[in-house]
Amino acid sequence: MKDDGAVRAPAQEAAASAEAADPARESTVSPQQKPAGQRPRRRGPGPFTLLVLPSLVTVCAVAGFLVLTGGLPADWAPGADAEQSAAGRVDDTHRPWLREAAACTVVTPSLLAAQIDQATGWRADTGRLTDEQGIAGFTAAQWRTWGKDDDGNGASSPRDPADAIMALGRQDCSLARKVTDLRTEGTINGELVDLTLAAYAVGLREVTEAGRVPAGARTYLSEVKELLPRYKTFDQKAQSGGPADAILAAPVTTLVVTSPYGARQHPLTGVTKLHTGVDFGAPQGAQVSAARQGQVVFAAMTEAYGNRIVIDHGTIDGKRLESTYSHLSSIDIAVGQTVPSGAPIGRVGSTGLSTGPHLHFEVVYDGYYADPQPWLAVHS
């Protein structure tokens, strides 16, 4: 940008800059022109000595160290410092509580940590002009529902980090269970984690009315998901879905797996998310059988699953077990009917969001999806 003052010649500008950079610089007056008896001033260190030389020494030292040690650590990567810094804000005493609070398959320690980070940045007092308290930002009304004295110190408080983390886990898992039920019935559609976070942000009613993640929850979802990678090291290995000891009969004659349980890119939507069941390849019209005795609690057409059946098998180890059968070409039973194991209930098809005839088979244990294959008596 052009200066409003007089423009200096390059030589004058350089001389002025050098003098400004070195206050101890001697003037151009020779010693013979100085008053008698005055000794010449001793020059101080110049800009090169003060600024450049230390930097060069540091660079050389670092380079020498890397040569001697074999280079950068193997686990170093751009962004690693940011991740460590973010995770460092979590007190070590909080981490066991994050793992314990993640008591359902949908909710993970990293998810809880990201929610807390988004809400308060792990600060117990955020200075907001509300009645929200503690690192999880619970209101008094919310705390009456979800708060407990989880660490056994004699008081239940949202300002107690352990109590707050456990309460957040309870709230999330409760929402996840309700979302799973709605998704199992075909009332809503979408990724379970997204739907759970949406229910947390705007309420289960809005999610139900929208049938998917409502627009009002998308900002919250994006903010939490952006923080998730910072806490990925908090997650434990995936837990088993329950007492999977081959107690279910094969729902189709041949269990040819065309798409297993787990994360995958949906062949039609292109979205990567949890595939909540197993796809068994079978010809159009092949018989589908009940995997266990139980009562039919849902049998109808849905947008995503097509013709879908849900059977309630009662409780196993005190937890409810259900199985689902989707994309059927026909439904041969009715809601309220009790069926024995192996009874015909429908036919293989390709209704709903499907690329061809197959059976999408799910196991829901204690309100959450589980990998169906360990439950089946016959494996392919």
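For THR180, are the conditions met, namely being among the β-branched types (Val, Ile, Thr) and over 29 Å from LEU274 (Cα atoms)? It is false that THR180 is among the β-branched types (Val, Ile, Thr) and over 29 Å from LEU274 (Cα atoms). Answer yes or no: is there a residue in the range 162-170 that is within 29 Å of HIS360 (Cβ to Cβ) and either without any contact (Cβ under 8 Å) to a residue 24 or more places away in the chain or out of contact with any Ser or Thr (no Cβ under 7 Å at 6 or more places or on another chain) (or both). No. Does the range 234-245 include one or more residues that are part of a helix (DSSP H, G or I) and buried (at least 16 other Cβ atoms within 10 Å of the Cβ)? Within the range 234-245, one or more residues are part of a helix (DSSP H, G or I) and buried (at least 16 other Cβ atoms within 10 Å of the Cβ).
If the condition is being part of a loop (DSSP other than H, G, I, E, B), open to solvent by less than 50 Å² (accessible area, probe 1.4 Å) and among the charged types (D, E, K, R), then the range 174-219 contributes only GLU191.
The residue pairs whose first member lies in the range 311-323 and is under 13 Å from SER341 (Cβ atoms), whose second member is among the aromatic types (Phe, Trp, Tyr) and outside any strand (DSSP E or B), and whose beta carbons are closer than 9 Å, counting only pairs six or more residues apart or on different chains, are LEU321/TRP375; SER323/TRP375. Which of (1) in contact (Cβ under 8 Å) with a residue 24 or more places away in the chain; (2) surrounded by fewer than 22 Cβ atoms within 10 Å (Cβ to Cβ) is the odd one out, the single condition ARG123 does not satisfy? Evaluating ARG123 over (1) in contact (Cβ under 8 Å) with a residue 24 or more places away in the chain; (2) surrounded by fewer than 22 Cβ atoms within 10 Å (Cβ to Cβ) leaves (1) as the failure. Out of ILE165, ILE116, ILE135, I need the residue that is β-branched (Val, Ile, Thr) and in contact with a Lys or Arg (Cβ under 9 Å, 6 or more places away or on another chain). Which one? Step by step, each of ILE165, ILE116, ILE135 is checked, and only ILE135 is β-branched (Val, Ile, Thr) and in contact with a Lys or Arg (Cβ under 9 Å, 6 or more places away or on another chain). One residue stands out among those in the range 136-173 that are assigned to a loop (DSSP other than H, G, I, E, B) and within 17 Å of TYR220 (Cβ to Cβ): the one that is most open to solvent (accessible area, probe 1.4 Å), which is THR139. Scanning the range 335-357 for residues that are over 34 Å from the mean Cα position of the chain (by Cα) and open to solvent by 50 Å² or more (accessible area, probe 1.4 Å) gives VAL335, GLN337, THR338, PRO340, SER341, PRO344, ARG347. With respect to (1) surrounded by fewer than 18 Cβ atoms within 10 Å (Cβ to Cβ); (2) touching a His at 6+ places or on another chain (Cβ under 6 Å); (3) not aromatic (Phe, Trp, Tyr), the lone exception for HIS360 is condition (1). Counting only strands (runs of 3 or more DSSP E) wholly contained in the range 275-380, the ones carrying 2 or more residues that are of a type in the set (Lys, Arg) occupy 319-328. Hey, does the range 264-272 have a residue that's open to solvent by 40 Å² or more (accessible area, probe 1.4 Å), among the basic types (Lys, Arg) and at pLDDT 95 or above? No - not one qualifying residue is present in the range 264-272.
The values are calculated or read from the model by the stated rules, or taken from the named source; none is laboratory data. Keep in mind it's a predicted model, so treat the numbers as computed, not measured. Don't worry about glycine lacking a Cβ; one is built from the backbone with ideal geometry, like all the others, and counts go over all protein chains shown. What goes into the accessible areas is simple: the full protein's heavy atoms, side chains included, and nothing from ligands, DNA or RNA. Shrake-Rupley method; radii C 1.70, N 1.55, O 1.52, S 1.80 Å.
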